[in-house]
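Here is the structure we will look at, set down as structure tokens.
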Amino acid sequence: MPPFGPPGELIDSRTRIAVVFGGRSSEHGVSCLTAADVIAALDPLRYDVIPIGIAPDGRWVLESSDLDRFRITEGQLPQVDASGTGIALRASAAGELVVNEPDDVPRTLGQVDVVFPVLHGPWGEDGTLQGLLEMADVRYVGAGVLASAIGMDKEFMKTALTAAGLPQLPYAVVRPREWEHDAATVRETVTALGYPVFVKPARGGSSLGISRVDSADQLDDAIDLAREYDPKVVVEAGAIGARELECGVLEGVGGGAPESSVLGEIRLVDDSPHLFYDFEAKYVDGSAVLDAPAHVSDEVSERLRGWAVTAFEAIGAEGLARVDFFLLGGDTMVVNEINTMPGFTPTSMFPRVWAATGLDYAALVDRLVTAALERRTGLR
């Protein structure tokens, strides 16, 4: 890291990027994995990278530049080291990052050109960090406050996608008061969907807290598990036997229309112990296969790529998003969800579908940073 300089003054001509990762959500470790790969992809001749970790308890720290530390070790996900130097983001037009030294004398790291938030889940992907950066007048990669919040909350995401005319599976929302005071009505509503169903935290990701429920006697435990991650729960009709397809979307260059990638497909290996593409299948035991491009007809590809752009615009997304679909058989297709900060390791689906489209990982990261630098702050 270069020497510290006066407030708001860059030490060299490189673009200064603060990569923010970790966070308070249950997807903390996944965020650390993503950050390591994003930082590694940023050309040090062009970018001055400041790694900032948010510990599980919410403390902000200047993190280690040792990227090897942010890898899965013996099946364990990495975690931000909370013993590092404390950070505060000063809410000023200069967008300055201030280091709190042991003697409480702040030193300025200098003006930050752009923040690259690679946080997954609540308290980072849901508009909270984006709101902080908007108040500080700092440019950042990805969706804004409203789009991030809608994309994070499956209830309002589904409402927005329905308004845009995109087909979805039947679902029910279980709010805290309903479950705590009238669980019988909730059970009736879910039964009307028909089993099996999938029970999910309404504001979560990485398939954490999700259960497949095949009968009514399994429902209560599944809802209780989901509520460990989020007091609000979404229950969706099961897409059993459907093909899971995903599409990446990028903000258009120079104010142009959003662009969609080729489709990718997720498949579980034949001997997988998992009933669906859950957290362990995604990140731990490698029992899932990701095909990019997916083997689908041109008609299916064209329609879903168009739907992906429609979903992107329906929530007002910026920067990037991944849109997931179910191919139920024949020509029947539905939208599953949109994710405004998808998994971003080189083996994740979002970078893989863009690589298959012709944009490799480093070029993808560079395009996202360039788009963020070109986008004005504030209302737009």
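A protection proxy built from the mean count of other Cβ atoms within 10 Å ranks the segments 344-357, 111-124, 154-167, 57-70, most packed first, as 111-124, 344-357, 154-167, 57-70.
For the peptides 322-328, 133-139, the ranking by mean Cβ contacts within 10 Å, running from highest to lowest, is 322-328, 133-139. Using a/c under 1.5 as the rounded threshold, could you call region 171-237 rounded, prolate or oblate? The axes a ≥ b ≥ c are square roots of the C-alpha gyration tensor eigenvalues, and prolate needs a/b larger than b/c, oblate otherwise. Since a/c reaches 1.5 but b/c is at least a/b, the shape of region 171-237 is classed as oblate.
Note on Val262, Val190: ascending count of other Cβ atoms within 10 Å places them as Val262, Val190, the fewest first. Our coupling estimate for region 118-123, obtained by passing each phi through the Karplus curve with A = 6.51, B = -1.76, C = 1.60 and θ = phi - 60°, is 10, 8, 10, x, x, 6 Hz, Gly and Pro reported as x. The order of Ile338, Ile72, going from fewest to most other C-beta atoms within 10 Å of their C-beta, is Ile72, Ile338. Backbone phi angles across region 346-361, fed through the Karplus curve with coefficients 6.51, -1.76 and 1.60 (θ = phi - 60°), yield HN-Hα couplings of x, 8, 6, 5, 4, x, 5, 5, 6, 4, 5, 8, x, 10, 6, 4 Hz in residue order; Gly and Pro are listed as x. Dividing the mean sequence gap of close Cα pairs (under 8 Å, 6+ apart) by how many residues region 171-237 holds gives a relative contact order of 44 percent.
Each reported figure results from applying straightforward, stated rules to the coordinates on display, with no laboratory input. Every value quoted in this text rests on a predicted model; they were computed, and no experiment measured them. A quick note on method: Cβ atoms are made from the backbone with ideal geometry, for glycine too, and the neighbour counts reach across all protein chains shown.
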